[in-house]
Amino acid sequence: MLPLREPATARPGMTFHQMLERIRYEGAYPTREQAEDVTYAVLGALGRQLSGDERVDLAACFPSEAALVFTSQIPDLQPLTGWGFVKDLATRTGATPAVARWDTGAVLAVVGRLAGPALLDRILTQLPSGYALLFGRAELTQAA
């Protein structure tokens, strides 16, 4: 009998500091503190969008500090579209939508690498349209 989903495991050796440095590099942030602020905001917002096994498996991929930020949020009953996610983040952080989109891309690029392709596919299946681009993937749709 085959398992229904592949088990998630944290990436060995990835500390929260290393995660922040990768996000700092992706987003070209001048300071570690700025990368940390952006990381907390985006992970918290993502925590409000995901539920179920995907939420648990993604949290298991994060360093413990990031997992706590992510899982401390209660999932919304109606997840936002990708653009809605960016607009909501902009409103919550006081940033422009362009800055919020940049911040989202910087954090979710690292999150996607931590998750791996199989888990990221499952996450994108659960979320409404528009998230693939935020994770740095093409948004593929089936022809009508």
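Quick rundown of the values:
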read-out	value
Only one of Ala115, Ala67 that is buried (at least 16 other Cβ atoms within 10 Å of the Cβ), modelled with pLDDT of 95 or more and closer than 22 Å to Glu33 by Cβ	Ala67
Test: residue in the stretch 51-72 that is out of contact with any Pro (no Cβ under 6 Å at 6 or more places or on another chain), on the phi > 0 side of the Ramachandran plot and touching a residue at least 12 places away in the same chain (Cβ under 8 Å)	yes
Pair list, Cβ under 6 Å, 6 or more apart: the stretch 32-44 residue touching a residue at least 12 places away in the same chain (Cβ under 8 Å), other residue among the polar types (S, T, N, Q) and open to solvent by 10 Å² or more (accessible area, probe 1.4 Å)	Ala41/Thr93; Gly44/Gln73
Residue, surrounded by the most Cβ atoms within 10 Å (Cβ to Cβ), within the stretch 70-86, restricted to residues that are more than 10 Å from Ala45 (Cα to Cα) and within 13 Å of the chain's Cα centre (by Cα)	Gly82
Identity of the residue in the stretch 12-51, within 21 Å of Gly82 (Cα to Cα) and of a type in the set (Ser, Thr, Tyr), that ends up most open to solvent (accessible area, probe 1.4 Å)	Tyr40
Every residue from the stretch 21-48 that is of a type in the set (Lys, Arg) and either at pLDDT below 95 or not in a helix (DSSP H, G or I) (or both)	Arg48
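The values are calculated or read from the model by the stated rules, or taken from the named source; none is laboratory data. Computed from a prediction, not measured in an experiment: that's the story for all the values here. A quick note on method: Cβ atoms are made from the backbone with ideal geometry, for glycine too, and the neighbour counts reach across all protein chains shown. Just the protein is used for accessible areas: all its heavy atoms, side chains included, with ligands, DNA and RNA removed. Shrake-Rupley method; radii C 1.70, N 1.55, O 1.52, S 1.80 Å.
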